[in-house]
1. Restricting to segment 71-99, name every residue that is out of contact with any strand residue (DSSP E or B) (no Cβ under 7 Å at 6 or more places or on another chain) and of a type in the set (V, I, T).
2. When P88 is evaluated against the numbered criteria (1) of a type outside the set (V, I, T); (2) under 9 Å from the mean Cα position of the chain (by Cα); (3) surrounded by 13 or more Cβ atoms within 10 Å (Cβ to Cβ), which criterion, by number, is the only one it fails?
3. Hey, can you tell me all the residues within segment 1-58 that are at pLDDT below 55 and β-branched (V, I, T)?
4. From the residues in segment 92-110 that are over 13 Å from H45 (Cβ atoms) and surrounded by 15 or more Cβ atoms within 10 Å (Cβ to Cβ), which one is modelled with the lowest pLDDT?
5. Would you check which residues across segment 53-78 are farther than 28 Å from G42 by Cβ and free of Cβ contacts under 8 Å to residues at least 60 places away in the same chain and list them?
Amino acid sequence: MFRRRSSFFNLKKSLLALVFAFGCASDSRDPRIAAIVSMSAGHDHGTNVTYRLLHSGMRTFALLENQGHSHAFTLTLEQAALIELGFPVTVESTSTNTHTHTVVLRKQDL
């Protein structure tokens, strides 16, 4: 059991190192981060997540104000790495006015 856990940890560590190595070596193209925010309580929100913010280490982002309130969501290091690799990631926003929003993020190459 310990051996499997150690192997999984080493795999995760290698994956993160690979993502950041490729990210640092990337050319001047700035991929876009596409965000789909679910409707809840009769409305949705926009977000301003950018690749540069994500790659800079920022992990907490705001959903833009709509109907007098906003929400936030936080990405784990693993979720950020998955987005950088091109995989979609789904997170739940904070609860405001008794509701949350589901946010799906993915990288779009230019």
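1. T76, T98
2. Of the numbered conditions (1) of a type outside the set (V, I, T); (2) under 9 Å from the mean Cα position of the chain (by Cα); (3) surrounded by 13 or more Cβ atoms within 10 Å (Cβ to Cβ), the odd one out for P88 is (3).
3. Hit for segment 1-58 is V19, nothing else.
4. Looking at residues that are over 13 Å from H45 (Cβ atoms) and surrounded by 15 or more Cβ atoms within 10 Å (Cβ to Cβ), I get K107.
5. So in segment 53-78, the residues farther than 28 Å from G42 by Cβ come out as 53-59, 76-78.
L53, L54, H55, S56, G57, M58, R59, T76 - these are the residues of segment 53-78 that are farther than 28 Å from G42 by Cβ and free of Cβ contacts under 8 Å to residues at least 60 places away in the same chain.
The values are calculated or read from the model by the stated rules, or taken from the named source; none is laboratory data. From a predicted model like this one, the values you see are computed outputs, not experimental measurements. Note that we place each Cβ from the backbone using ideal geometry, even for glycine, and neighbour counts take in every protein chain shown.
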